[in-house]
Every structure is written in C-alpha cells, then in structure tokens.
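K.L.:
A single structure is presented below for examination.
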Amino acid sequence: GALIYLNNGKTRADRYIAPVYGLDRALEQEMSRQVEQPVRLPVFGMKKQERAFLAIIESGDAVASIEADISGKVNAYNSVFSSYTINNTAAMTLSAGNLSNTVPVFPKVPFQGEIVVRYGFLNGGAASYSGMAAYYRDYLIRKYGMTKLTAAEEEAPPFYVELIGGITKQRFFLGIPYTALEPLTTFKQAQEILTALQNRGIRNIHVRLVGWFNGGVAHGLPKDIDVDRKLGGRSGLEALLDFAEKNGITIYPDAAFMQVHRDTKGFRPSRDASRFINGRIAKLYPYNLASFLQDKSLPASYVLSPSELERIVGAFAKAAAKLPIDDLSLRDLGAELSADYNEKRTVSREEAKRVAAAQLEALGGSFELMMAGGNAYAAPYARHIVNAPDSSSGFFIADETVPFYQLVFHGYAEYTGAAFNLAGNADLKRQLLRSLEYGAYPYFSWFHAESSAVINTPFNHLYSGNYEVWLDTAAELYEELSPIFREIRALEMIAHRKLQDGVYETAYEGGRTIIVNYNAHSVRIGGLLIEAEDYVMEGDWR
C-alpha cells in the first residue's frame, strides 16, 4: 500500500508498512505474478493540505497491485492507484534442435470476479494517515465485527516466545546420507524454559510451539497429527499442556497449511500441489539473502492447491480434537495466498482468498488463533499476531515508515514485530523504542540446544536462538515495558506523527502519549527534554 502527501507544496512519498506483493522473489522470475503474497492491507490514499482520501479494495484485492509515484518525472502531480492482473501470463520456451523461441502462455480462463473499490474522503484533522487508519479500522469493525480487547487492570501484559521443537538435519551412516529429526527443544525442556521465565518475574506467557509434529519445523502434510517421539511424544505434549494450564501459560501449537515442506504419505505433488500457467508444479526454494536468488541446494516446499485446503484443514482439526489443544498458531494460512492454474481445477487468487477466509473462520470457532503476518482478510480472526509488518519496502521512493497496520489493529489484536533475537537490527535499545512507538510486545524465538545445533542446516538463521543467552535480557525488557503495556494494551492507537528527525509521538485514547527519541543526542520538544535513545510518557499514566 502507499500513501502520498503534499505538505505545503513540498512533495513527499511515504510508503507504510504493508509490503507490495513480496513473495515473488522466491519464485522463478517468469512465474512471479502467479503464486505470491498479497499486500497486507488493500488500501491506498493521498493527502494534500487539509484534504485526503482513502481507497479500500473491497473485492479483487487478491489480483491487485498498488502503484505510486511522485511528481516531477512525467507531470506535476503525485499519483497513487490500484491496478489489476485480469489475465496472468507466463513464458514458455519451445526448442527444436538449435532453435528456440519463447512465447507467452495464458490461463484458459481469465479473472472473472468483481473489482470493487470504496473511497472515503477526509477533512481537517482526520486528513492524515492516522485518520485514514481510523476510517479503515471502523470499516473492519463493521464488516468483520472486530471487537476490542478486554483486559483487567491487574492482568499482566503478554510475553511472546516461540519455542522450536525439532528440525531436520542430514546425517551419515557408513557414508550414506540420510535425513533425521534433530530435537532442539523437547517438551520437558520447554517446561524448563517456561519455569525459568516465571522465576524471573515474567507472567502471561504465550508460547508459539513450532516443530512439534509430523517431522519437525518442516513438517509433512498436516492432515493427521503424529507428535514427534524424539521430543517426548504424545504423553510429553500432554504433560507440557497440563503444566502450562496450571501455570497460566497459553501454548499455541503451530501448523503450516499453505506450504508442504516435503513429500509425505497422502500428498502427491502431481495431484495436490498448485501449478503455474505453463503446467509446472509450483515449488518454493529458500531465499538466499546474500545472493538475492533461490538456493536450489536446499530442499524445496510445494504450494498446496487451494482446492485441497478445506480437506486438509478439516482433517487436521479432527485430529487435533483428540488432543487437549485449545489454541492454534497458523504459520502461513493468514500470510500467504496462491492461485492454482491446473487446467482441471483452476482456482484464482480471489477464489483462494475466500477459501482461506472460510477456513480461518472455521478454525476460529474451535481454537483461539495466533497467526504470523496477518493479511487484511485474516487479521480479524486472530487475537494474537506475531511478525506483524513493522518496516517499509525500503524502495528509493519511500521517505518514512509509519505504523499504519498498528494504528488499525491496536486495541483489537495483540501483536509483535520480528523476534528480537532474530531481527536484522541487533540494537536492543532501538528495538525497545520501536516496540514503544508501535505498541508491539517483545517477542523471542528460542530453543534449548546449543546454538551449534543449527549449523549446516536449512535453519542456520536461528543461530542466535539459544534461550540461556537471552533470559536476563527478556526479563529486563518485560520489567520495563510491562507497566506501560498494562495501561495501553486495550486502547485504540489514535494518532502517530513525526515531531522531528528521529523523534516520533504515538497517542492513545484517554490522553496517553509516548514520545521516542532514536537519536544519539538529546532533543527538546517544547519544554520537554528527551535523552538520547530514550522515551518519555505524557498524559494520564497511573
């Protein structure tokens, strides 16, 4: 999404935190428009002085792109608009001997759905990205029935931690390679970690339990549940869940539905995977941050056809009903969306969105949901969102990152940004300030094993995940942030603004305001002195 502003005639282009169709980098270049991630929030807007508009793509957002540009290139106007891929295309190379020719290939049926854009016009004080967010929030409340969070004054604010169970690792027997499950955190060790957190004064712990069944993090098709025995098996999981219930801890076992990480019994890629327009099976390879290319030396995952999603989700829910699982983490169902161009069962992205939303609604009736990412159609079904978008695309046109997503959902869902220990920015002080500015809870991703356990595996990005290194830091952060979040967790974020370079103000209903200073020097705002890399609070704080 994009917001374009004209402030006193000065041109500026801001792109807020919603990334524009970001998954295509993980696919082959000629397939980039076929299986990809939608924009987090399908909205765009523009402001000039005291007038603004906000456009909401009500229908057709799954095939939409949001485009923006600044004045001075072609004409004297800033521009922002939506465009739609009605008939997708792919390239196919035909070869005969030494001759070859590349021709475009189209799906048999183009997009047939409706495209509906709702426009809202804002004036005066509402003509800002904060006002746009409030308009969109009200729209979601009316459309999805989103309800505000309720929290007792004495209830501790949540602390979020991801515990990683098992990963796949290559081993050798008599020189013959084979893949085995490597336990990083057994269920008994998870109890140790949670006990250590409680002993350091951390309360209201929410655990995202990843890699607990069907072969670890890169688990097989979740149409059934086989709790990994190396982690403690079913009895170990039940003991962990019982321990959590007795200690006021909530555990969200994690499952991935949109991607199938390996061939398993009951899954045939030729039958169950999505296909590109040229008929090839859709695969996703891990993305190499150093080369900006797919790393085809690592195992690929398949994209599950949307036509199979209802069957798989239903089977999983039936299997989960046999375990004492009341809460569920969705790794990809709320964040990823794909079409299927199989000629026998073509499913457009808009149809796939409706299928995904229906399954989210069904799961929400049986479980309290935590999800990663959280696209617009998915977020209203979750009370907890981890890895919420908290940075801009970084495109040259973007001047600022603003918490539009957070302005919409604060007070209606509890959310985090990226895990502190895995984030690209290792400056914990700046991460604390970002948490305060964005109203996002601390979040960590941990395991019990030594850090070296993930070396030379597809999971080496988790190298900083050993929990012992981070326990004291987590306790200090929670102690500092807990009194603040206790008061604002159920409040709407009503305004956000930049006061000067590196200084931002976030306001909540009831008159509470937080000002953060990212600069390496102190600043004075009015009569208020804010020290370097520090924050102050104004208003009615208890």
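K.L.:
Name the strands (runs of 3 or more DSSP E) wholly inside the stretch 56-143 in which the number of residues that are of a type outside the set (Ser, Thr, Tyr), open to solvent by 80 Å² or more (accessible area, probe 1.4 Å) and touching a Leu at 6+ places or on another chain (Cβ under 7 Å) is 1 or more.
P.N.:
In the stretch 56-143, the matching strands (runs of 3 or more DSSP E) lie at 99-105.
K.L.:
So, of the residues in the stretch 284-299 that are in contact with an Asp or Glu (Cβ under 8 Å, 6 or more places away or on another chain) and either among the charged types (D, E, K, R) or in contact (Cβ under 8 Å) with a residue 12 or more places away in the chain (or both), which turns out to be surrounded by the most Cβ atoms within 10 Å (Cβ to Cβ)?
P.N.:
Among residues in the stretch 284-299 that are in contact with an Asp or Glu (Cβ under 8 Å, 6 or more places away or on another chain) and either among the charged types (D, E, K, R) or in contact (Cβ under 8 Å) with a residue 12 or more places away in the chain (or both), the one surrounded by the most Cβ atoms within 10 Å (Cβ to Cβ) is GLN294.
K.L.:
Follow-up question, since we're still on this one. Out of the residues in the stretch 21-36 meeting the condition of being in contact with a strand residue (DSSP E or B) (Cβ under 6 Å, 6 or more places away or on another chain) and open to solvent by 20 Å² or more (accessible area, probe 1.4 Å), tell me which one is modelled with the highest pLDDT.
P.N.:
GLU30
K.L.:
From the list LEU462, LEU499, LEU436, exactly one residue is surrounded by fewer than 18 Cβ atoms within 10 Å (Cβ to Cβ), of a type in the set (A, V, I, L, M) and not in a loop (DSSP other than H, G, I, E, B). Which is it?
P.N.:
That would be LEU499, the only listed residue that is surrounded by fewer than 18 Cβ atoms within 10 Å (Cβ to Cβ), of a type in the set (A, V, I, L, M) and not in a loop (DSSP other than H, G, I, E, B).
K.L.:
Can you tell me which residue in the stretch 145-201 is farthest from VAL227 (Cα to Cα), limited to those that are small (Gly, Ala, Ser) and free of Cβ contacts under 8 Å to residues at least 24 places away in the same chain?
P.N.:
If we take residues in the stretch 145-201 being small (Gly, Ala, Ser) and free of Cβ contacts under 8 Å to residues at least 24 places away in the same chain, then ALA152 is farthest from VAL227 (Cα to Cα).
K.L.:
May I pose another question? If I filter the stretch 37-52 for residues that are more than 24 Å from VAL408 (Cα to Cα), at pLDDT below 90 and not hydrophobic (A, V, I, L, M, F, W, C), do I get at least one hit? Walk me through it before giving the result.
P.N.:
The initial filter retains those residues of the stretch 37-52 that are more than 24 Å from VAL408 (Cα to Cα), namely none.
Checking the stretch 37-52: not a single residue is more than 24 Å from VAL408 (Cα to Cα), at pLDDT below 90 and not hydrophobic (A, V, I, L, M, F, W, C).
K.L.:
Further question on the same structure: Select, from SER452, SER393, the only residue that is in contact with a Phe, Trp or Tyr (Cβ under 9 Å, 6 or more places away or on another chain) and either over 23 Å from ILE141 (Cα atoms) or surrounded by fewer than 24 Cβ atoms within 10 Å (Cβ to Cβ) (or both).
P.N.:
Numbers: SER393 fails: in contact with a Phe, Trp or Tyr (Cβ under 9 Å, 6 or more places away or on another chain).
One residue alone meets the criteria, SER452.
K.L.:
List the residue pairs whose Cβ atoms are under 9 Å apart, where the first residue sits in the stretch 351-371 and is touching a residue at least 12 places away in the same chain (Cβ under 8 Å), the second is among the basic types (Lys, Arg), and the two are 6 or more positions apart or on different chains.
P.N.:
GLU368/ARG383; LEU369/ARG383; MET370/ARG208; MET370/ARG383; MET371/ARG331
K.L.:
Right, here's the next one. Quick check on my filter: what residues within the stretch 223-263 are within 18 Å of PRO299 (Cβ to Cβ), out of contact with any Lys or Arg (no Cβ under 9 Å at 6 or more places or on another chain) and surrounded by fewer than 23 Cβ atoms within 10 Å (Cβ to Cβ)?
P.N.:
Across the stretch 223-263, the qualifying residues are HIS261, ARG262, ASP263.
K.L.:
Of (1) more than 23 Å from the chain's Cα centre (by Cα); (2) without any contact (Cβ under 8 Å) to a residue 60 or more places away in the chain; (3) farther than 25 Å from LYS169 by Cα; (4) outside any loop (DSSP other than H, G, I, E, B), ALA520 satisfies all except one. Which?
P.N.:
(4)
The values are calculated or read from the model by the stated rules, or taken from the named source; none is laboratory data. Just so we're clear, the structure is a prediction, and the values are computed from it rather than from any experiment. In this analysis, Cβ positions are derived from the backbone assuming ideal geometry, glycine residues included, and neighbour counts consider all displayed protein chains. The protein model used for the area step is the full one, side chains on, heavy atoms only, and it has no ligands, DNA or RNA in it. Shrake-Rupley method; radii C 1.70, N 1.55, O 1.52, S 1.80 Å.
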